[in-house]
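Worksheet: one structure, shown below.
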Amino acid sequence: TSETDRDIKTYFWGNDNTILFFMDDKGNENFNLYSLDLNGNNLRNLTPFENVSVNLIDQLRNIKSEVIIGMNKRNVEVFDAYRLNIETGELKMVAENPGNIAEWSTDHCGKVRIAIVLDGVNTSLLYRDNEDESFKVVQSTGFRDRISPLFFTFDNKFIYASSNIGRDKSAIVKFDIKNGVEKEIIYEHHDVDVFEMSFSFKRKVLTEIIFVTWKSFRKILDSELESLFSKIQIKIPDQEISITDMNSNEDMFIVKTSSDRTLGAYYLFDLVTDNLYKLSDVSPWIDESNMSEMNPITYTTRDGVSINGYLTLPKGKEPSNLPLVVNPHGGPYARDSWGYNPVVQFLANRGYAVLQMNFRGSTGYGREFLEKSFKQWGKNIQNDISDGVIFLVNKRIADPQKIAIYGISFGGYAALAGLAFT
């Protein structure tokens with residue numbers, strides 16, 4: 001584009017010849033949807049309405065001329081669902097928001113058939129057989145329970161979802177949404193929640209499940225995907241790889257590499273010729289040989305809770321009596337993950353050991369671990385942080401006279417609490 005006033009928020013394919021992107025007007029946060037030909041010509045605002053914001057519900061990869069968008073055109077306080085023809089600009093409302101719907105979902109035919117209602121504490125899952133019917137509540141949960149729809153089964157009768165109903169850890173399940181009944185468990189992990197599963201648009205098969213322990217791992221469900229990853233990994237050893245995009249025929253793939261010491265690079269892999277082409281390094285000015293490894297650690301708190309975290313040590317120094325920066329994450333209902341962290345690398349480069357920990361309440365470790373944090377801000381959550389410091393002092397890795405603490409959001413609160421209490 002030739003836009004210079006504002007960043008492009010999100011961009012994606014409209015069809016083989018059109019790019020769609022979201023942009024607001026001088027920071028007013030009313031994001032409109034624009035289309036652009038591949039040659040940079042024919043820029044159009046597809047939603048040129050005053051004081052209106054737009055979001056994407058479904059890209060409709062199998063319908064080349066349409067997308068499903070959410071838009072607060074009718075009522076500025078709520079987002080209705082619309083079917084938009086990106087070639088003609090024709091707009092049709094397909095679901096009206098009564099005022100409490102926070103999310104819409106579509107089936108594989110692009111029909112809006114699921115809605116999520118939130119009241120701040122409780123969540124309701126709504127469903128309809130087709131777009132001519134009204135939505136009906138099929139399941140309601142409190143804040144301790146969660147069922148998150150992922151996508152419909154390929155016959156559009158059931159859904160796959162991530163659910164912790166009746167269990168401690170969220171699992172991938174097949175769910176009879178019409179009757180509100182779980183049919184089978186597709187995959188569960190003993191130690192962590194599982195939230196993510198993917199499928200092939202072309203072949204209509206389940207392909208992989210992603211879960212995060214100390215780093216991201218995948219459970220391959222499809223032999224073709226397994227073969228694809230094997231071919232790529234041979235060409236790019238010793239790197240984490242992920243597929244960020246592919247063509248409709250699923251034989252050309254954009255591959256991204258990453259690790260704890262680099263932001264990685266992008267590649268194009270041609271499955272037909274088995275050739276891999278490097279497109280670009282993300283940050284070529286960073287020499288990963290100068291960066292420090294981010295190592296997983298586990299320690300036990302004073303009340304017997306097992307805490308997982310990460311320790312980054314300055315490169316080329318003995319892990320003994322080091323100055324330590326403690327870096328609790330925000331949220332607190334979030335988590336730290338393994339990967340390149342520029343702040344951590346900067347501190348390690350200056351000679352500091354850096355401790356990150358997923359204290360109780362961090363997401364991804366199940367219901368019980370989350371609920372251990374309730375009413376424990378500044379109490380046991382803070383003890384989890386302090387006990388990590390004690391663990392490193394006892395291991396003689398950290399110098400007890402040179403401990404700093406730093407954080408953002410809840411991590412900033414934890415930094416103040418750390419200074420006040422310890």
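The values are calculated or read from the model by the stated rules, or taken from the named source; none is laboratory data. Quantities reported herein were computed from a predicted structural model and do not represent experimental measurements. Here Cβ is always computed from backbone atoms with ideal geometry, including for glycine, and neighbour counts include all displayed protein chains. Surface areas here come from the heavy atoms of the whole protein model, side chains and all, with no ligands, DNA or RNA. Shrake-Rupley method; radii C 1.70, N 1.55, O 1.52, S 1.80 Å.
Pairing each residue of region 82-109 that is touching a residue at least 12 places away in the same chain (Cβ under 8 Å) and closer than 20 Å to residue 201 by Cβ with any residue that is assigned to a strand (DSSP E or B) and open to solvent by 70 Å² or more (accessible area, probe 1.4 Å), provided the two are 6+ apart or on different chains, yields C-beta distances under 6 Å for 83/92. A search for C-beta distances below 7 Å between a residue of region 290-302 that is of a type in the set (A, V, I, L, M, F, W, C) and any residue that is part of a loop (DSSP other than H, G, I, E, B) and open to solvent by 60 Å² or more (accessible area, probe 1.4 Å), counting only pairs 6+ apart in sequence or on different chains, returns 291/261.
Which of the residues belonging to region 81-135 are farther than 19 Å from residue 32 by Cα, part of a loop (DSSP other than H, G, I, E, B) and charged (D, E, K, R)? Answer for region 81-135, where residues must be farther than 19 Å from residue 32 by Cα, part of a loop (DSSP other than H, G, I, E, B) and charged (D, E, K, R): 96, 107, 111, 119, 128, 129, 131, 132, 133. In region 37-56, the residues that are more than 16 Å from residue 16 (Cβ to Cβ) form Cβ pairs under 8 Å with partners that are open to solvent by 60 Å² or more (accessible area, probe 1.4 Å) and of a type in the set (A, V, I, L, M), at six or more places apart or across chains, as follows: 51/76; 52/76. Summed over region 252-266, the residues that are open to solvent by 40 Å² or more (accessible area, probe 1.4 Å) and either in contact with a helix residue (DSSP H, G or I) (Cβ under 8 Å, 6 or more places away or on another chain) or within 24 Å of residue 316 (Cβ to Cβ) (or both) give a count of 3. The set of residues in region 15-33 that are under 22 Å from residue 72 (Cβ atoms), surrounded by 10 or more Cβ atoms within 10 Å (Cβ to Cβ) and out of contact with any Lys or Arg (no Cβ under 8 Å at 6 or more places or on another chain) comprises 20, 28, 30, 32, 33. Does residue 351 qualify as being in contact with a Pro (Cβ under 7 Å, 6 or more places away or on another chain) and open to solvent by less than 70 Å² (accessible area, probe 1.4 Å)? Here the answer is yes, as residue 351 does meet what is asked. Check 213, 273 and return the single one that is closer than 21 Å to residue 337 by Cβ and among the β-branched types (Val, Ile, Thr). Only one candidate passes the filter, namely 213.
In the set (1) open to solvent by less than 80 Å² (accessible area, probe 1.4 Å); (2) assigned to a loop (DSSP other than H, G, I, E, B); (3) in contact (Cβ under 8 Å) with a residue 60 or more places away in the chain, the condition left unmet by residue 78 is number (3). Any residue that is in contact with a Ser or Thr (Cβ under 8 Å, 6 or more places away or on another chain) and either over 17 Å from residue 151 (Cα atoms) or small (Gly, Ala, Ser) (or both) - is there at least one of those in region 95-114? The answer is no; no qualifying residue exists.
Residues of region 1-51 that are among the aliphatic types (A, V, I, L, M) and assigned to a strand (DSSP E or B): 19, 20, 23, 33, 36. Among the numbered conditions (1) of a type outside the set (Lys, Arg); (2) assigned to a loop (DSSP other than H, G, I, E, B); (3) open to solvent by 50 Å² or more (accessible area, probe 1.4 Å), the only one that residue 55 does not meet is (2). Of all residues in region 272-302 being surrounded by 18 or more Cβ atoms within 10 Å (Cβ to Cβ) and not polar (S, T, N, Q), which is nearest to residue 373 (Cα to Cα)? So, considering only residues that are surrounded by 18 or more Cβ atoms within 10 Å (Cβ to Cβ) and not polar (S, T, N, Q), the one nearest to residue 373 (Cα to Cα) is 299. Exactly one residue out of 308, 321, 358, 327 is surrounded by fewer than 19 Cβ atoms within 10 Å (Cβ to Cβ) and either modelled with pLDDT of 95 or more or among the aliphatic types (A, V, I, L, M) (or both): that is 321.
Evaluated against (1) surrounded by 18 or more Cβ atoms within 10 Å (Cβ to Cβ); (2) touching a residue at least 40 places away in the same chain (Cβ under 8 Å); (3) on the phi < 0 side of the Ramachandran plot, residue 63 falls short on exactly one condition, (1).
For every residue, the table says whether it meets (1) open to solvent by less than 50 Å² (accessible area, probe 1.4 Å); (2) modelled with pLDDT of 95 or more.
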position	(1), (2)
1	no, no
5	no, no
10	no, no
35	yes, yes
40	yes, no
59	no, no
100	no, no
107	yes, yes
115	yes, yes
